[in-house]
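Remarks on the structure that follows.
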Amino acid sequence: MTKKAIILFLITICIVCGFFVRSFASDEISLVINNKKVECEVPPIIVSDRTLVPVRVLFEYYDAKVSWNESLRQVMVISGTTVMIFNIDSKIMYLNGAVHTLDAAPVIVNDRTLVPVRFISEKLGYIVKWDGNSRTVSVSKP
């Protein structure tokens, strides 16, 4: 192979890789809370047609306290008089002691717990909107 052919081959590989990187980046989901784009260590994901977001990022904007019980694989969130308890990989959630069934179970991704944003936000009285074109989930106070 000539030097010119190798350079042409490498340029072609770079161009092809650029297309792949761009297409993967556009698949990422953006999170906007109270009209402010929020950067997450672990980006939101879609599971069973439901958008899951990192629990700490979401609840920090709600001024809620989040605690983790490693042995139970359980997250407890306290927001004012509201108490939510989630178990990883379970669709059962407790809201002030009452049992509710989530659309999607909380999961752990890269040591971060992700929870279904719509169900939880609406239970706390927030408005959730999805923009499929920009792949953006927006949460705001009513």
Residue 16 passes all but one of the listed conditions (1) modelled with pLDDT under 90; (2) closer than 25 Å to residue 107 by Cα; (3) open to solvent by less than 70 Å² (accessible area, probe 1.4 Å); the exception is number (2)
Can you go through 73, 112 and tell me which one is surrounded by 14 or more Cβ atoms within 10 Å (Cβ to Cβ), within 17 Å of residue 38 (Cβ to Cβ) and charged (D, E, K, R)? 112
Is there a residue being open to solvent by 70 Å² or more (accessible area, probe 1.4 Å), without any contact (Cβ under 8 Å) to a residue 60 or more places away in the chain and touching a Ser or Thr at 6+ places or on another chain (Cβ under 7 Å) anywhere in the stretch 87-98? yes
Would you confirm whether any residue within the stretch 54-61 is surrounded by fewer than 16 Cβ atoms within 10 Å (Cβ to Cβ), within 21 Å of residue 90 (Cα to Cα) and at pLDDT below 95? no
Can you tell me which residue in the stretch 50-93 is farthest from the chain's Cα centre (by Cα), limited to those that are of a type in the set (D, E, K, R) and assigned to a strand (DSSP E or B)? 65
Matching residues in the stretch 115-142 - criterion: being farther than 18 Å from residue 77 by Cα, touching a strand residue (DSSP E or B) at 6+ places or on another chain (Cβ under 6 Å) and open to solvent by 50 Å² or more (accessible area, probe 1.4 Å): 127, 129, 130, 142
Any pair with Cβ under 6 angstrom, 6 or more apart, that starts in the stretch 130-142 at a residue that is closer than 12 Å to residue 53 by Cα and ends at one that is among the charged types (D, E, K, R): 138/129
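The values are calculated or read from the model by the stated rules, or taken from the named source; none is laboratory data. What you see is a predicted model, and the numbers here were worked out from it, not measured in a lab. Positions of Cβ are generated from backbone atoms using ideal geometry, with glycine treated the same way; all protein chains shown enter the neighbour counts. For accessibility, only protein heavy atoms count, side chains too; no ligands or nucleic acids. Shrake-Rupley method; radii C 1.70, N 1.55, O 1.52, S 1.80 Å.
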